[in-house]
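A.B. asks: Please find one structure pasted underneath; my questions will follow.
The values are calculated or read from the model by the stated rules, or taken from the named source; none is laboratory data. Quick caveat, the model's predicted, so the values are computed rather than measured. Neighbour counts are summed over all protein chains in view; Cβ atoms, including those assigned to glycine, are modelled from backbone coordinates with ideal geometry. We work out accessible area using only protein heavy atoms, side chains counted, and drop any ligands, DNA or RNA first. Shrake-Rupley method; radii C 1.70, N 1.55, O 1.52, S 1.80 Å.
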Amino acid sequence: FVAIIMVIGLVGVLPVALGVILFGGNDAQSATEQIIKDAETKVASDPSVINLVALAAQYQSNGRAKDAADTLQKAVTTGPKNVDELRTLVGAFGNESSKQISLLRDYTKKFPKDGDGWFTYGSTAAGIGETQTARLAYQRAIDLAKPGSELETNAKTALDNLANIETNEIVPTTPATP
């Protein structure tokens with residue numbers, strides 16, 4: 001019985017082992033290299049912030065930290081041209097709040113009439129506890145928003161929530177009835 005299990009195990013393992021020996025076991029590595037090469041080609045033809053951040057993420061996930069940092073710096077130098085690129089770039093810096101705030105400050109100076117940019121600035125500032133900066137950014141977003149727009153509604157809600165947090169105001173809830 002044990003011999004049968006060993007033969008079945010050997011029959012199952014032997015083709016895999018021979019395949020690795022004869023044909024190489026680098027399928028995953030070559031696929032990863034191809035993904036990176038494709039991302040590099042995309043950046044070469046369209047060096048947008050979004051493509052640069054995507055390439056930096058590929059480098060980072062494959063242990064190429066220096067390439068990732070260099071590519072991310074190139075994205076910063078290129079600079080976001082719209083709020084989607086801004087949000088992508090801010091997100092790429094994860095918990096590096098000083099870099100995030102610096103990017104947001106630069107973006108809102110370059111595009112002072114972009115209400116979504118100001119809203120993003122407010123959200124990021126609020127998330128790291130810079131309530132005064134958040135308040136000013138949300139108010140700027142409200143001022144730039146079209147009346148009744150989603151941006152205006154979201155910015156007003158965020159500003160109200162920020163005020164509630166600052167005053168530690170707890171909204172009373174009605175207890176559930178048994």
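A.B. asks: Under a crude label model (7 Å from the Cα following the beta-carbon direction), how far is residue 74 from residue 128 in nanometres?
C.D. replies: Taking the two extended label points, one gets 2.5 nm.
A.B. asks: Using the Karplus curve 6.51 cos²θ - 1.76 cosθ + 1.60 with θ = phi - 60°, what ³J(HN,Hα) values do you get for each residue of segment 101-113, in whole Hz, with x for Gly and Pro?
C.D. replies: Ordered by residue, 3J(HN,Hα) equals 5, 4, 4, 5, 4, 4, 5, 6, 6, 6, 10, x, 9 Hz.
A.B. asks: Can I ask one more? Looking at this model, which pairs from 74/156; 37/110; 110/156; 42/146 are more than 27 angstrom apart at the alpha-carbon?
C.D. replies: Among 74/156; 37/110; 110/156; 42/146, the Cα-Cα distance tops 27 Å for 74/156; 37/110; 42/146.
A.B. asks: Using a 1.4 angstrom probe on heavy atoms only, work out the carbon and sulfur share of the accessible area of segment 58-143 in %.
C.D. replies: C and S atoms contribute 49 percent here.
A.B. asks: Based on the mean of other Cβ atoms within 10 Å per residue, sort peptides 56-63, 40-47, 109-116 so the most packed one is first.
C.D. replies: Packing proxy ranking, top to bottom: 56-63, 109-116, 40-47.
A.B. asks: Per residue of segment 144-159, in order, report the coupling 6.51 cos²θ - 1.76 cosθ + 1.60 (Karplus, θ = phi - 60°) as ³J(HN,Hα) in whole Hz, putting x for Gly and Pro.
C.D. replies: Those phi angles translate into 8, 6, 6, x, x, 6, 4, 4, 4, 4, 5, 5, 5, 4, 5, 5 Hz.
A.B. asks: Within segment 116-131, name every residue whose backbone N is under 13 Å away from a label modeled 7 Å from Cα of residue 97 along the Cβ vector.
C.D. replies: 123-131
A.B. asks: Could you tell me which of rounded, prolate or oblate describes segment 89-164, using a ≥ b ≥ c as the square roots of the eigenvalues of the alpha-carbon gyration tensor, with rounded for a/c under 1.5 and, failing that, prolate when a/b is larger than b/c and oblate otherwise?
C.D. replies: oblate
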